[in-house]
1. For the charge dipole of the chain, defined by +1 on Lys and Arg C-beta atoms and -1 on Asp and Glu C-beta atoms about the Cα centroid, which residue among 608, 432, 167 has the Cα displaced farthest towards the positive pole?
2. Among 138, 14, 76, whose Cα lies farthest out toward the positive end of the dipole of region 14-165, if unit charges sit on the beta carbon of Lys, Arg (+1) and Asp, Glu (-1)?
3. Residue by residue through region 483-492, what is 3J(HN,Hα) from phi via Karplus (6.51 cos²θ - 1.76 cosθ + 1.60, θ = phi - 60°)? Round to whole Hz and write x for glycine and proline.
4. For residue 331, enumerate residues with amide H under 5 Å from its amide H, sequence gap 5+ or separate chain, H modeled in the peptide plane.
5. Mind pulling the angle between the C-alpha long axis of helix 248-261 and the longest principal axis of the chain? Nearest 10 degrees, somewhere in 0 to 90.
6. Evaluate the charge dipole of the chain about its Cα centre and quote only its size in Debye, nearest 20, assuming +1 on the Cβ of each Lys and Arg and -1 on the Cβ of each Asp and Glu.
7. Multiply the residue gap between residue 237 and residue 24 by 0.36 nm, knock off their C-alpha separation, and tell me the result in nm, one decimal place.
8. Using +1 at the Cβ of each Lys and Arg and -1 at the Cβ of each Asp and Glu in the chain, identify which of 334, 59, 357 lies farthest towards the dipole's positive end.
Amino acid sequence: MFLLQLTQDLRQAFKSVYQLEVEESKLTLSPTKKEFEGDFTIVTFAFVKDLKLGPEQIGNAIGQYMADHCSLVKSYNVIKGFLNLELSDAFWIDALQKILSDEKYGEQAPKGEKVMVEFSSPNTNKPLHLGHIRNILLGWSCSKILEAAGFDVVRTQIINDRGIAVCKSMLAWQKFGGGKTPSETGIKGDHFVGDFYVLFEQKFQEEYAEWQQTSLASTIFSQRADLDVTEKEFFKAYKNEYFNQFSTLGKEAKQMLLDWEAGDEATMALWKQMNSWVYEGFNTTYDRLQVKFDKLYYESDTYILGKNAVQKGLDLGVFYQKEDSSIWIDLTEAGMDHKLVQRRDGTSVYITQDIGTAQLRYDDFGATKMIYTVADEQDYHFQVLFEIMKRLKEPFADGLFHLSYGMVDLPTGKMKSREGTVVDADDLMDEVISEAQASSEERGEIAEVSQEEQAEIIRKIGMAALKFFIIKVQPKKRMVFDPKESVDMQGQTGPYIQNAYVRVKSVLRKASDKKEEFASYEGVQAQEKSLLTLLQSYPDILEAAARDYDPSGIANFCYTLAKEYHKFYHDIRILGAETEIAKSFRLALSAVVARTLQHGMDLLGIEMPERM
């Protein structure tokens with residue numbers, strides 16, 4: 001945006017000096033390294049072959065032309081194949097004025113293209129946990145970034161509200177719940193139901209341990225002696241077989257699933273009641289995370305979808321049918337295997353449901369891009385799904401993307417849902433807010449405001465700590481979340497960036513309301529140039545984040561900008577500037593830093609406090 005004129009002048013320089021038409025893509029300008037003099041650098045090695053001249057000779061000739069004919073260039077120097085240009089004050093003043101006048105700086109014009117972003121998609125047998133938080137924050141921030149990049153975004157999730165795991169929670173409540181409800185116990189609905197999922201596992205383990213002492217268990221183990229494993233190892237691996245063949249609880253849970261599939265009235269009533277408790281709990285967590293959805297899909301509705309797609313695939317020759325009537329697709333040419341898409345009894349499998357759900361969403365919204373925010377454990381599943389969609393020639397097939405992300409661990413290690421060792425999302429939010437509270441009390445900087453204001457500030461700090469710490473990591477990387485580290489005011493954290501914003505707001509509050517012109521400002525400082533160079537890169541950073549579906553680029557930009565402003569604040573006088581014009585320039589620069597920080601952090605779902 002700001003370097004467009006400079007690029008055009010460089011093209012004219014090559015044309016005038018060497019009669020060479022240069023494409024813009026060859027004229028890559030980058031900020032000059034701090035150890036050299038200059039503001040922007042162009043590499044001249046790329047022109048050696050065409051001009052049959054040395055890179056230094058080219059640099060000196062082009063540099064001299066720019067100094068003589070381009071008003072934006074103040075001076076130049078050449079170091080080997082690098083032409084360093086020092087730009088005039090007018091360039092920096094114009095850059096600041098352009099940013100200042102653009103209230104939506106960084107955003108792109110509407111593209112008229114619809115994108116669906118799926119995220120969260122929890123199971124109704126347990127509450128949202130730390131892994132869900134990474135999923136939700138990635139999906140939400142990507143949806144915000146895509147909106148800023150000009151797309152029409154639809155936010156959705158598919159709730160996994162059926163299956164054997166859900167029946168385990170239902171059965172445990174039926175057998176051991178005593179008719180109690182979340183409101184009676186004071187337990188949040190999703191936690192309440194999740195506790196019964198854990199309880200089912202505990203009761204099942206007790207049943208399994210008793211069964212292992214029976215003669216039948218001993219007989220089965222003795223028949224498998226050729227496996228060369230200990231009795232303990234054998235029964236650990238045999239658990240699923242026991243559940244399906246011998247377990248009383250397993251039999252009851254499977255019968256409950258059959259009753260649900262048959263539409264049994266009592267089973268359906270219990271299912272609806274327990275799911276309603278879970279949804280109420282989910283919504284409370286979503287509200288705390290400040291995320292929302294435009295459309296909810298439920299697996300209880302979508303699990304029957306996809307049969308029409310199977311028939312279409314057979315007609316197109318994409319699928320093939322075996323002698324047992326099961327239907328498959330051969331994906332070996334794409335480096336995968338043969339994949340089942342319909343069982344021999346005519347029922348769908350997960351991949352078939354996903355095919356049908358994607359088609360339904362296209363019918364609902366006409367989205368040409370669909371982003372699935374799902375952990376990297378499902379990488380292969382989505383490779384298969386997307387390949388099938390291409391072969392079915394779906395109109396949206398080329399716009400499918402799996403936003404794959406790594407697992408989140410705690411400093412104490414991994415989490416396990418069935419054993420109740422998962423860190424619930426609500427507990428984690430409480431913990432980071434508690435850490436923010438302790439840090440705030442230690443500094444004592446908001447002691448003068450009301451208790452209500454303090455609580456709101458601390459909430460914003462805590463949530464910024466949680467969100468930023470997770471989003472700053474590139475999605476594909478596995479990560480460890482440390483609540484204490486996340487609130488560090490001196491680290492690469494959300495609160496550190498918030499502090500830069502608060503610092504600017506404090507400066508602006510102390511400044512005069514009178515707006516001074518700064519068009520005649522002379523002697524733009526290195527720190528001012530550094531801030532403006534960062535700011536002018538923001539549109540490109542945003543565009544790259546939207547293209548790559550990677551919010552970490554925005555997060556790291558905000559950190560770098562905040563860090564640069566903290567340095568500027570310490571090194572350069574703002575309110576006590578040497579002239580009123582310099583003061584006005586620095587106040588305007590501070591204002592656009594604050595506005596850009598607020599915009600960038602908002603794309604990550606993070607609020608900025610006025611004080612902290």
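We did not get these values from a lab; they are worked out from the coordinates using the rules stated. Quantities reported herein were computed from a predicted structural model and do not represent experimental measurements. Ideal geometry is used to build each Cβ from the backbone, glycine not excepted, and the neighbour counts take in all protein chains shown.
1. Comparing the listed Cα positions along the dipole, 608 ranks first.
2. 138
3. With coefficients 6.51, -1.76 and 1.60, one gets x, 5, 5, 5, 9, 4, 6, 10, x, 7 Hz.
4. 337, 338, 339
5. Approximately 70 degrees, to the nearest ten.
6. 560
7. 70.5 nm
8. Farthest towards the positive end: 59.
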